[in-house]
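Take a look at the structure below.
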Amino acid sequence: MGLFYALMAVGLAMIFGILRIVNFAHGEFFMVGAYAYALTAMKLGINPWVALVLAAVGGAFLGIIIEKLLMRPLYQGYASWSIVKDEYAVVVTFALSLFLIHFVDKVVGPSPFMGPSLMSTQRIAIGPIMLNGQKIISAGISISLLCGLALFIKKSLWGRQIQAVAQNRFGSSLAGIDPVKTTSIIFAISGMLAALSGALMAPLMNPAPDIGSFPAIKSFIIVVLGGIGSIWGSMFAALLLGVSESFFAVYISYDYRDAFGLFILVAVLIFRPHGLAGQKGRGA
Amino acid sequence: MKVEPLLRIDGISKRFGGNQAVDHVSFDVPHGIILGLIGPNGSGKTTVLNMLSGELFPDEGITYLEGSPITRLSPSQLAHLGVIRMFQMTRVFGRLSAFDNLLIAGRAMGLTAAEASTRAQSLVQELTLEHVQYLDAGQLSGGQKKLLEFGMCFMCPPKIALLDEPFAAVHPVMRETMSRFIQSRNQSGQTFLLVSHDMPIVKSLCHESICMNTGKIISQGPTRSVLEDPNVIEAYLGGDHE
Amino acid sequence: MSQIENLWSRRLARDLKCLLLLCALMCFVPLLDLSPYTLGILIVGFYFALMALAWNLLAGFTGQFSMAPAAFSMIGGYFTALLNFHLGATLWIGIPAAIIGSALLGFLLGATVLRLKGPYLSLTTLAFAEIARVFIGNSHEFTRGDQGLNVPTLMDDRIAYYYFFLALVILMGSLIFLLMRSKYGGYLLAIRDDADAAESRGIPVVRFKLLAFTISSAMCGFAGCMYGTFSQLVSPEMGLLQQTGLIISMVVIGGIGSITGPVLGALLVYLSSEWLRDIGNIQLIVFALLVMIFARFFRTGLWGIFLEIYARLKSKKHN
């Protein structure tokens, strides 16, 4: 479970950490990915692997569109604002999230089917542990994607541009890097990762328009836990959350399992606000 | 007979992680002086200013205002005691008119509505902001915002005004207006502590100066002598600073 | 329009005048001989107007974008309902309890989010709202969970209730006007625009953030309690995030940072939501879309647009 969280959270970490924009609609990328996968695979009968790719592309595409339409005011210095930057992001992405959820609900309807598994065998027994074939494959894909992402950021041209923008937006623009394009790329990657994790999860759950909400909240928790701006931190936190959640669910209370994550979020924000950028400590 | 200084800083230090930003700094600020605080980048002067204005607390050491310790007070408490600070990056209340900015600053310091209004009107005149006084503060030019911030700080004449690089990136004409403002206030007894990189301004405005480098004071006294002090010259020319 | 009109005191005065005008118009509506159902919709619209005013106080005037207004409305309603359910307390006790209880919780929440900026504040208040809702929804012993609780009613005549709620809107709007006209209102606005600078100018930011939270939460709780007496039922659904989304839409579309804006937005949005629901349940799609459009292009909302038009007309008359 931790790996799914990681996949999704990383995308959010990028937007949040690098661009300092909060994206309340992150969960909806997840949902769109799941739907895209399920629909293209079932209705159009496309090979599940191809459908997976399509979902990823769809997510990237959605990310770019959103960036173009909604996010520009955040960094192109629009003067005389009624709604200040951070809060604009909150309001707009929250509205976007509501819009996507209800739009999909209206247009597509809660789909009564799950997406097809990537593998035919459902259950694999490894020693005493029963594993689900789908989960294994998804885990594998997640791991390779995360590694691929890490490599991409470290090595590739775009990746290094992202790093530059993350450190100093203005400075990197002077160096000839186009921050707007880089931002688009970040949104695209974020959307793609979230959509992909949605697509991978699709066979395991009943797609409904609001399935993105919980994963989104988990992603936020992870990003905050792991420290803003730190991608490795997010990955680590994701695993931590996945494991501790399962413990909690089994040993303490199943109903309140999701509230558990929220408690953690609040506790972290209050007591250990890593990376609350710009917050000058009063020392004492 | 010894006259109590307005501000006494006694052995303050501040460490950030592995970096000793300020190292046992002590100095006095006498009444009515314009004191310059200079030093190369990273010398700790802004950190000292932050500790004086309540943004940071020193790890050790005490600051006194007219004999009373003020080391751990918040910025708003300090403001009420007469310690006012201007930021390097101008901060005004962008969605309110410039005049409203002044009014609020005045009311916050305890003026009545009528007093605040009168004071604001005269400040607007003095700062040559009449033609923009009813515009939203966010729409003012950079220099105008700076003047506005000046105005806000002086709605109630403070005991001491801490200015953080006030002339950075300011139009020469604005600079003139600001200099004149500072000097005329100073002639009425207003004390200033000025952090600046701008040598000509420091030379022309500041009676005395303190130069810091790597967290310590390396020279203090009349500005002219400080600027001619070989230690100071070397601090600026030599050494790596970020 | 001469520039001096941009002075806050004048802006507020214009704002209140328009609100009173709007409410005066609403006085005549019952004369149209509407069905009880339609009257009910208008009354709920007024409830949302109160909620919108409360959220705007916190977000539009103080810059704290809380995601918890609906939760406080639910909490307020439940204070009244629980006291009635478990102890048989009448509304004389129930209503003040709702106000005080919400104020207290609002104070605590405010204290929790003091140091947090923008998105963190929203996240934390969101977490709080969800935890509260889940808690109330799952405590079957204590709150009867999803079934909700009954609340005694204030009066039987629906038309009387209409005027009662209208009076509440006028009252709340006026109270907010008085607050925002005073120096304390100026402090809130300063905190909204730049909290650190406000601190340096001598404004005790912590105190006033807490004040804003407390007042706003108390208003929400009071509104929730009032709604409860009208619908005679409170349920965890009152605290759904969706409801907060609705409230935010109303304020953004109506005009954030004003008094008339939220009220106008609340009435228009709620009335259209009924109409849109008949068309095919697309109300949230439309509103969410409108919010994005308004936030992106018309940041001052309908109220701002209206002011612009009025100003243009006035200057045309002068020329």
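The values are calculated or read from the model by the stated rules, or taken from the named source; none is laboratory data. Here the structure is a predicted model, which means the values were calculated and not measured. With ideal geometry, Cβ positions are generated from the backbone for all residues, glycine too; neighbour counts draw on all protein chains shown.
Things to note:
- Among the conditions (1) buried (at least 23 other Cβ atoms within 10 Å of the Cβ); (2) touching a Pro at 6+ places or on another chain (Cβ under 7 Å); (3) more than 12 Å from chain C (Cβ to nearest Cβ), the only one that residue B:71 does not satisfy is (1).
- Positions within segment B:136-150 being under 15 Å from the mean Cα position of the chain (by Cα) and of a type in the set (Lys, Arg), in sequence order: B:146
- Residue match in segment B:37-44 (condition: in contact with a Pro (Cβ under 9 Å, 6 or more places away or on another chain), touching a residue at least 24 places away in the same chain (Cβ under 8 Å) and more than 14 Å from chain C (Cβ to nearest Cβ)): no
- Residue C:191 more than 11 Å from chain B (Cβ to nearest Cβ) and of a type in the set (Val, Ile, Thr): no
- Single unsatisfied condition, residue B:202 versus (1) assigned by TED's automatic domain parsing to the domain that holds residue B:48; (2) out of contact with any strand residue (DSSP E or B) (no Cβ under 6 Å at 6 or more places or on another chain); (3) more than 28 Å from residue B:60 (Cα to Cα): (2)
- The selection criterion, being closer than 30 Å to residue B:19 by Cβ, outside the structural domain of residue B:89 (by TED's automatic domain parsing) and in contact with a Cys (Cβ under 8 Å, 6 or more places away or on another chain), holds for residue B:226.
- Check on residue B:101, in a helix (DSSP H, G or I) and either under 13 Å from the mean Cα position of the chain (by Cα) or more than 9 Å from chain C (Cβ to nearest Cβ) (or both): no
- Counting the residues of segment A:10-36 that are in contact with a Gly (Cβ under 9 Å, 6 or more places away or on another chain), at pLDDT 75 or above and of a type in the set (Phe, Trp, Tyr) gives 3.
- With respect to being buried (at least 19 other Cβ atoms within 10 Å of the Cβ), at the interface with another protein chain (Cβ under 10 Å from one of its Cβ atoms) and modelled with pLDDT under 85, residue C:148 falls outside the description.
- Counted as qualifying within segment C:192-278 are the helices (runs of 4 or more DSSP H) with 2 or more residues that are within 23 Å of residue C:38 (Cβ to Cβ) and modelled with pLDDT of 90 or more, namely C:205-231, C:241-254.
- Of the residues making up segment B:152-165, those that are assigned to a loop (DSSP other than H, G, I, E, B) and within 14 Å of chain C (Cβ to nearest Cβ) are B:154, B:155, B:156, B:157, B:158, B:159.
- If the condition is being in contact (Cβ under 8 Å) with a residue 12 or more places away in the chain, surrounded by fewer than 18 Cβ atoms within 10 Å (Cβ to Cβ) and under 18 Å from residue B:229 (Cβ atoms), then segment B:170-213 contributes B:197, B:199, B:203, B:207.
- Boolean, residue C:38 is over 23 Å from residue C:194 (Cα atoms) and of a type in the set (Ser, Thr, Tyr): yes
- Residue satisfying all of: in segment C:297-319; assigned to a helix (DSSP H, G or I) and under 22 Å from the mean Cα position of the chain (by Cα); surrounded by the most Cβ atoms within 10 Å (Cβ to Cβ) among these: C:301
- Matching entry among C:85, C:142, C:177, C:164 (being under 24 Å from residue C:256 (Cα atoms) and touching a Leu at 6+ places or on another chain (Cβ under 9 Å)): C:177
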